[in-house]
Each structure stands twice: as C-alpha cells, then as structure tokens.
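Let me begin by presenting the structure, written as structure tokens, before commenting on it.
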Amino acid sequence: MPNNADVIIVGGGVIGTACAYFLSRRGAQVLVLERNHLGAGASGAPAAIINIGGTGGPMAPLRPLSIESYNLILEVEKDFEHPLEVIRGGALYVAMDAQGVEEIRPDYAEACEMGFDCSWLDGADIRRMEPLLGPQVAAGFYNPACYHVNPFRLYTGYMNTAVRRGAQIAYGVKVTDVKVQNDRIVQVRADQGEYQADYVIIAGGAFTPRILSSLDLEIPIVPARGQVIITEPCPAMTEHLLFLVDHLYIKQTASGNFYLGSHTELVGFENRITLEKLTTYARVFAKAVPLVARLRALRVFAGFRPICADNLPIIGPIPGCSRLIVASGHGRTGIRYSASTGKAVSELILDGKTEHPLEAFRVDRFINPVQK
Ligand SMILES: Cc1cc2nc3c(=O)[nH]c(=O)nc-3n(C[C@H](O)[C@H](O)[C@H](O)COP(=O)(O)OP(=O)(O)OC[C@H]3O[C@@H](n4cnc5c(N)ncnc54)[C@H](O)[C@@H]3O)c2cc1C
C-alpha cells in the first residue's frame, strides 16, 4: 500500500467513497484511509431514501444539489457492477390526525412549488392507494419524486468502481492529525504511519471534529443517534416510502424486510438501543401500518448521523489551506447528497471551481467575524 497519492480521503463512508468515485473517474490518483471498514459509520445504518424536498427556508442552498444528486445516483448506477436495488414507488406523507395534517402541509406546498405531480389525498383515498395503511390514517399526500436504494450497494459501488480505476483503500488506519503549512499539506499522521498528498479530504462523518482537533478551528458537527428496527422478510407488499409523523418512516427493502426508523437523538456517541424509543416506534408504526405489529423484529441497531449546527453540510477548504477540504455534516441526508458532494469536491480539486455554488457550505461560516 503506498503512503502517498494525489488525494487522500479520510473516511470510507458514503461521502468519502463518493469523493473517491468522482475523483478517480477524472483520473486523479486516490487513497482512502478508513480506520475500520466501509460503511462502519452512519452509512451502514440508513434507510437510503433519496427524495427531492425539505429544502425550503434555511435549507434552500441545498436545492440544486438535491436535484442533481437525485438524478446522478441513478446515472452512476450504470457504472457499477451491481444494481442499487432502486425502488421507485414515490412517497406517501401520512397524517394520523388534524395536527399531522398541518405538519405535512409545508412539505406538500414545497413539492407542488417544485413542479412535482403531487396529489393531496383524504383518508379513504390514501388507504386505497396504500392498502397497508390502517383505518386511523386521516389524510396525506403523494410525491412521486422519491426512491430508495440499498445503501450498502451504493457505497461499495462508489468504492469498487473507483478501485477499478486505480483508487486504493487502506483499512485499519486511524488518522490522528493533518499538518498543514503555507497552503500545503505537510503530512497526514495515522496510527499506522505517515502519508503525503497534494490534497486531503476529511469525510469522517460525526468524527470529523476529532480528526481535525489539532487545528484551531470550530467544526460544529455532532452525532445524532438514530435507532432502527428491521423486520423479518415478507413477500413484496409496497413500493411506497411511508413518511409518518415526527420523522418516523417505513420502507420495504428489495429483499422484503421492513426498515423502520428513526428519531434524531442528541445523546453523544451513545449507541445503546433504548426500550423507551422502541416502544414509541412500535406504537406509531402499529397504528399507521397494522401489519408491522405482527412481524418479527430481526435486528435493532443505531447509527450516528453527522449533524452540523445549522443543519447544512460542510463542503469546502479550511481557512488558510485550500488543499485541506472538509466534506461532512450531511446529517439525515448524506446518502441523498453523496453524489453531488463527491462531484463538487472533485470539481473543487480538479477545476478550482464548482458547477453549483458552495458558499453556504463553507467551513468559515462558523468563525466569529472578529476572528476572520
Ligand atoms: C438511522 C439513520 C437513517 C438514515 N436515513 C437516511 C436516508 O434515508 N437518506 C439519507 O440521505 N441519509 C440518511 N441517513 C444519513 C446518512 O446515513 C449519513 O448522512 C451519511 O451516511 C454520512 O456519511 P459520511 O460518509 O459523512 O459519514 P460516515 O458514514 O459516518 O463515515 C465516516 C467514516 O469515517 C471513518 N473514520 C472516522 N474517524 C476516522 C479516522 N480518524 N481515521 C480514518 N477513518 C475514520 C469511520 O469509520 C466511517 O467509516 C441516515 C442515518 C441514520 C443513522
């Protein structure tokens, strides 16, 4: 394994592997350093819902990346050895009562405003459209602009295709520090040795602040736990992604299991499963989709979404070193934004400019203006 490359990427999650894919597609020599295994972080836990929406208000800067990534993930699949198990049934946003109706109205308005062929459905209509829904469902809407994939196929697809083009990956390498001087990378230090590169990308998910802790820099990314239940497999019953109240959702995977997730819990790096959450989930899921209450739970697990203080990701160089780039903090939507992030980072490095503006995602937005 070499100890130098044009670009070193720290972290083999969906963001690091997407960067490796887009850089190697354009001929850059890439080395990924991963302390554990691919998908060892948040990328091993998601529902992998890819939808357009939820980009109103302060999230508006994400909209161009949202549309781009939605299309780009389907495009890169053609380059991959294994299909992504895309399920394109669209999404049903389900309200169980009058309060729920008010909660989903802004999502409906945004989806309509973006020109998607959405329909508002009363309780009877939505149950006709999705017979798995129970009698207590009050109303909802359908948005066709939503699909979901197998997340394991996505990050392994990015990485394996990058490797086919010459990228390399070293497992079991924990990066401890990156030394920079005069806009240059001096050294990447790891527990397994030292590495050299022209550019370094930090894609360490919730661990990104720790990797950069020796720099005098605020990276306000924290872990946000999500607990997940996976049921036994059943025959294919629905292609709809079902969004319920309070950020709970259900999808049926290509292999027939139901994936039930997931609240956002700010409890640090605490990955225990709590009965309190599972009980809450079970109540909501059983009310909305009664079938689920009768299924066996096969697995429960938790993952740490890397959430940034203002809910926008960080994509860009650190102040004072244009060659040390952070790509992290995608929170609940890192799968969704993986392709557009990887592409943008490759443009930043290879062209010095990007197709879509990255202003809103700069690292230095968190620096006090007096310090700047
Ligand atoms: C329950 C749940 C459901 C989700 N559902 C969705 C969804 O439906 N749609 C969606 O778009 N997103 C979803 N997400 C969010 C998505 O999974 C994350 O935003 C995304 O996986 C973050 O990817 P990442 O590569 O930035 O981080 P990670 O996947 O955490 O990868 C970081 C990698 O860096 C490695 N690393 C850390 N420190 C070091 C070090 N010092 N040296 C070397 N390597 C290091 C880690 O081992 C890890 O592999 C969900 C997340 C959870 C937890």
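The values are calculated or read from the model by the stated rules, or taken from the named source; none is laboratory data. Remember, it's a predicted structure, so these values are computed and weren't measured experimentally. Note that we place each Cβ from the backbone using ideal geometry, even for glycine, and neighbour counts take in every protein chain shown.
At-a-glance table
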{"quantity": "Failed condition for Ala197, given (1) within 24 Å of the chain's Cα centre (by Cα); (2) aliphatic (A, V, I, L, M); (3) within 12 Å of Ile9 (Cβ to Cβ)", "calculated": "(1)"}
{"quantity": "Enumeration of residues in the range 84-104 that are without any contact (Cβ under 8 Å) to a residue 60 or more places away in the chain and outside any helix (DSSP H, G or I)", "calculated": "Asp97"}
{"quantity": "Breaking point among (1) surrounded by 18 or more Cβ atoms within 10 Å (Cβ to Cβ); (2) in the same structural domain as Phe22 (by TED's automatic domain parsing); (3) over 30 Å from Glu75 (Cα atoms), for Ile335", "calculated": "(3)"}
{"quantity": "Matching residues in the range 62-83 - criterion: being farther than 20 Å from Leu242 by Cβ and either hydroxyl-bearing (Ser, Thr, Tyr) or outside any helix (DSSP H, G or I) (or both)", "calculated": "Ser66, Ser69, Phe80, Glu81, His82, Pro83"}
{"quantity": "Some residue of the range 350-358 being in the same structural domain as Val14 (by TED's automatic domain parsing), crowded, with 16+ Cβ neighbours inside 10 Å and of a type in the set (Asp, Glu)", "calculated": "no"}
{"quantity": "Test for Phe243: is it surrounded by 15 or more Cβ atoms within 10 Å (Cβ to Cβ) and in contact with a Phe, Trp or Tyr (Cβ under 6 Å, 6 or more places away or on another chain)", "calculated": "yes"}
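Listed here are the residues, each with its yes/no results for (1) within 11 Å of the ligand (Cβ to nearest atom); (2) under 29 Å from Val178 (Cβ atoms); (3) in contact with a Phe, Trp or Tyr (Cβ under 6 Å, 6 or more places away or on another chain); (4) among the β-branched types (Val, Ile, Thr).
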site	(1), (2), (3), (4)
Met1	no, yes, no, no
Leu33	yes, yes, no, no
Thr55	no, no, no, yes
Leu74	no, no, no, no
